[in-house]
Amino acid sequence: MSKKKPLVIFEGIEGSGKTTLINHISNYLKKEKITFIKIREPGGNINSELIRKLILNNKNKFNPYTDLFLYLASRSENIEKVIKKNYNKKIILLDRFTDSTLAYQHYGMGLNKNLINNVNKILLKNIKPKLTFLNIVNMRNLSTRLKLRKNKNRYDKFKINFYKKVQTGFLKLSKNKSNYIVIDSNKSLVENKNKVLNNIIKLIK
């Protein structure tokens, strides 16, 4: 049985392989009969999933601040209804979190960094991720992977330059942080799955 119950975040732009790695870890934990929850942002509970549909709907065109506040509203619901209850009680695997908001809304869209940080501080209080995996991808692979997606949402349709800015933002956020592990998704998937799994095992045993 696992002794530790960390909050583990998976970050990265579209097509960077986050979901594949989260599913790999989920399968391992299920097999080992280790209690965990897996959630995503935006989403994670009934209210947050409703907000997710609103944000990602291709017909909606929000201004960048509306987008930001919808993401923060989704996070607020998630923290109150799911994360707080399970924090330090179960392993939590989270597909995107606060650094996504900074990478997309600040570095990608140019919104005020202090505003985002201040609201996140209010929402998180004492909640701290133990480990963040940042998945990176080169722009050629990103284009190929996005073309192969059958169901594209609003965030799958930005220009390549936008994703470039967002990924640069993620890399800035990861700099000099000991709890950040960069995963190069241009490399072998088997190698990356092993790297993530080994770090998770170290963390929970």
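The values are calculated or read from the model by the stated rules, or taken from the named source; none is laboratory data. What you are looking at is a predicted structure, and each value in this text was computed from that prediction instead of being measured. All Cβ positions, even for glycine, are placed from backbone atoms using ideal geometry, and neighbour counts span all protein chains on display.
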Practice task
Determine which single condition S26 fails, assuming it passes every other condition in (1) in contact with a helix residue (DSSP H, G or I) (Cβ under 9 Å, 6 or more places away or on another chain); (2) in a helix (DSSP H, G or I); (3) of a type in the set (G, A, S).
Solution key: (1)
Practice task
Might you let me know whether the stretch 105-119 holds any residue that is among the basic types (K, R) and at pLDDT 95 or above?
Solution key: yes
Exercise for the section: Kindly indicate whether R52 is of a type in the set (K, R), part of a helix (DSSP H, G or I) and surrounded by 21 or more Cβ atoms within 10 Å (Cβ to Cβ). Expected result: no
Problem - Any hit, the stretch 36-48, residues being buried (at least 16 other Cβ atoms within 10 Å of the Cβ), free of Cβ contacts under 8 Å to residues at least 24 places away in the same chain and either of a type in the set (D, E, K, R) or in contact with a Ser or Thr (Cβ under 6 Å, 6 or more places away or on another chain) (or both) - result: no
Practice task
Considering each residue of the stretch 29-48, count those that are touching a strand residue (DSSP E or B) at 6+ places or on another chain (Cβ under 9 Å), closer than 24 Å to L102 by Cβ and outside any strand (DSSP E or B), and give that number.
Solution key: 5
Practice task
Would you tally the residues in the stretch 185-205 being modelled with pLDDT under 95 and under 16 Å from the mean Cα position of the chain (by Cα)?
Solution key: 1
Practice task
Among the residues of the stretch 7-21, write down those that are surrounded by fewer than 20 Cβ atoms within 10 Å (Cβ to Cβ) and either of a type in the set (D, E) or at pLDDT 95 or above (or both).
Solution key: E14
Problem - K4 vs. criteria in contact with a Gly (Cβ under 6 Å, 6 or more places away or on another chain), under 17 Å from L197 (Cβ atoms) and either surrounded by 14 or more Cβ atoms within 10 Å (Cβ to Cβ) or touching a residue at least 12 places away in the same chain (Cβ under 8 Å) (or both) - result: no
Practice task
Scan the stretch 149-170 and give yes if some residue there is on the phi > 0 side of the Ramachandran plot and at pLDDT below 90, otherwise no.
Solution key: no
Handout entry: Members of the stretch 112-141 that are polar (S, T, N, Q) and free of Cβ contacts under 8 Å to residues at least 12 places away in the same chain
Key = N112, N114, N118, N126
Problem - Which numbered condition R75 fails, given (1) assigned to a helix (DSSP H, G or I); (2) over 17 Å from the mean Cα position of the chain (by Cα) - result: (2)
Fill in the blank from the handout: Flagged pairs (Cβ under 7 angstrom, 6 or more apart or on separate chains; first in the stretch 162-179, free of Cβ contacts under 8 Å to residues at least 60 places away in the same chain; second polar (S, T, N, Q) and surrounded by 13 or more Cβ atoms within 10 Å (Cβ to Cβ)) are N179/T132
Fill in the blank from the handout: Scanning the stretch 20-35 for residues that are touching a residue at least 60 places away in the same chain (Cβ under 8 Å), closer than 18 Å to L203 by Cβ and polar (S, T, N, Q) gives S26
